[in-house]
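Engineer: One structure, as structure tokens, below. Some questions next.
The values are calculated or read from the model by the stated rules, or taken from the named source; none is laboratory data. The structure displayed is predicted, hence computed values, not measured ones. So basically every Cβ, Gly included, is an ideal-geometry build from the backbone, and we count neighbours across all protein chains shown. The accessibility values were calculated without ligands, DNA or RNA, using every heavy atom of the protein model including side chains. Shrake-Rupley method; radii C 1.70, N 1.55, O 1.52, S 1.80 Å.
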Amino acid sequence: MTKDIGGRRGPDVRRQAITDHVLSVGSVTAGELAERFGVSLMTIHRDLDELERQGIVRKYRGGVTAQPSGVFESNVAYRKKSMQPAKDAIAEKAARLVEPGMAVMLDDSTTTLALARRLGEVTPLTVITNFLETTNLLAREPGIRLMSLGGEYDSLHDSFLGVSCVDAIAALQVDLCFVSTSAVSGGFAYHQEQHIVSVKRAMLEAAARNVLLVDHSKLGRVALHRVAPLSVFDRVIVDDGAGAEALRELDEHKVAYEVAVT
């Protein structure tokens with residue numbers, strides 16, 4: 001029990017501690033949180049209501065989760081911790097597609113963030129992104145000309161979205177675009193949120209070649225919105241956690257894919 005956090009140090013400190021715990025374990029019951037922080041169930045539910053309002057967690061009967069669903073995108077803080085070895089392996093293979101002198105567009109996924117960490121080795125390069133964390137990462141990278149896409153800031157995704165972001169993308173033409181999505185099934189890529197879908201679609205339209213980066217946890221799943229058919233991607237890169245059935249489905253839809261070894 002963390003009584004000092006639960007009582008004497010106030011709700012803001014407690015809610016941050018709750019956030020850290022839920023992001024670490026993925027899902028937890030309200031009763032477990034009440035015991036851990038030494039407060040009443042009513043207090044915990046007020047905390048969870050506020051965290052849900054901020055888009056950090058999703059409540060369900062009896063508990064709370066930071067994990068995604070077909071209609072709920074996880075907070076970026078959770079996504080940065082999730083499937084990291086797989087994302088690193090995918091990013092390592094994706095980086096081999098990038099050549100000096102290219103213009104490359106990256107979406108606001110944590111998988112492309114892993115790729116961005118490797119782009120300083122492939123310069124000179126022009127990188128365009130709407131992801132604030134990628135912008136901050138590459139801002140002082142020698143040899144990279146960085147273009148940040150504007151729009152309305154969305155704290156859940158730590159990125160810029162909306163009509164002005166889509167318009168900015170439409171004015172560009174790049175050599176290579178890397179995106180990730182929340183789910184892949186039946187020959188389509190999916191995502192939970194409409195305003196994310198519109199930005200990803202614009203990015204795909206603005207590129208000569210498109211590459212989809214998805215870890216194995218996203219295969220065989222669907223979400224609310226179709227982003228695009230897999231046929232719009234020149235290549236799909238998955239990690240070696242992908243099962244035989246998932247890879248067979250890619251084969252059946254004649255998708256060109258590579259498997260990254262973790």
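Engineer: Do we find that residue 123 is crowded, with 23+ Cβ neighbours inside 10 Å, at pLDDT 95 or above and not aromatic (Phe, Trp, Tyr) in this structure?
Structural biologist: No; evaluated as a whole, the condition is false for this residue.
Engineer: Consider residue 136 against the criteria (1) within 18 Å of the chain's Cα centre (by Cα); (2) touching a residue at least 12 places away in the same chain (Cβ under 8 Å): it satisfies all of them except one. Which criterion is unmet?
Structural biologist: (2)
Engineer: Take the conditions open to solvent by less than 70 Å² (accessible area, probe 1.4 Å), within 19 Å of the chain's Cα centre (by Cα) and at pLDDT below 95 and apply them to residue 200. Does it pass?
Structural biologist: no
Engineer: Within segment 138-216, considering only strands (runs of 3 or more DSSP E) that don't extend past its boundaries, which have at least 1 residues that are more than 17 Å from residue 255 (Cβ to Cβ)?
Structural biologist: Hits in segment 138-216: 144-148, 152-154, 159-161, 174-179, 188-191, 207-213.
Engineer: While we're looking at this one, here's another question. Can you name every residue in segment 208-232 that is at pLDDT 95 or above, in contact with a Phe, Trp or Tyr (Cβ under 9 Å, 6 or more places away or on another chain) and among the hydrophobic types (A, V, I, L, M, F, W, C)?
Structural biologist: 211, 212, 213, 227, 228, 230
Engineer: Looking for something at pLDDT 95 or above and of a type in the set (Gly, Ala, Ser) - is there at least one such residue anywhere in segment 72-85?
Structural biologist: So far as segment 72-85 goes, no, none of its residues is at pLDDT 95 or above and of a type in the set (Gly, Ala, Ser).
Engineer: What number of residues in segment 4-56 are outside any helix (DSSP H, G or I), modelled with pLDDT under 80, open to solvent by 50 Å² or more (accessible area, probe 1.4 Å) and not charged (D, E, K, R)?
Structural biologist: The total comes to 1.
Engineer: Which residues, counting only those in segment 126-146, are in contact with a helix residue (DSSP H, G or I) (Cβ under 9 Å, 6 or more places away or on another chain) and open to solvent by 40 Å² or more (accessible area, probe 1.4 Å)?
Structural biologist: 133, 137, 141, 142, 143, 146
Engineer: OK, next. Please go through segment 147-170 and give me each residue that is touching a helix residue (DSSP H, G or I) at 6+ places or on another chain (Cβ under 8 Å), of a type outside the set (Asp, Glu) and open to solvent by less than 60 Å² (accessible area, probe 1.4 Å), ordered by number.
Structural biologist: Within segment 147-170, 149, 150, 151, 156, 157, 159, 160, 161, 162, 165, 166, 169 qualify.
Engineer: Filter segment 226-246 down to the residues that are part of a strand (DSSP E or B), farther than 12 Å from residue 258 by Cα and not small (Gly, Ala, Ser) and list them by number.
Structural biologist: Residues satisfying the conditions are 226, 227, 229.
Engineer: What is the one condition in (1) of a type in the set (A, V, I, L, M, F, W, C); (2) within 23 Å of residue 237 (Cβ to Cβ); (3) open to solvent by 10 Å² or more (accessible area, probe 1.4 Å); (4) in contact with a helix residue (DSSP H, G or I) (Cβ under 6 Å, 6 or more places away or on another chain) that residue 97 does not satisfy?
Structural biologist: (4)
Engineer: Return the residues of segment 214-256 that are of a type in the set (Gly, Ala, Ser), open to solvent by 50 Å² or more (accessible area, probe 1.4 Å) and touching a strand residue (DSSP E or B) at 6+ places or on another chain (Cβ under 7 Å); say none if nothing qualifies.
Structural biologist: Scanning segment 214-256 gives 220, 256.
Engineer: Right, here's the next one. Just to check your reading of the model, which residue among 189, 228, 223, 171 is more than 24 Å from residue 85 (Cα to Cα) and in contact (Cβ under 8 Å) with a residue 24 or more places away in the chain?
Structural biologist: Matching residue, one of 189, 228, 223, 171: 228.
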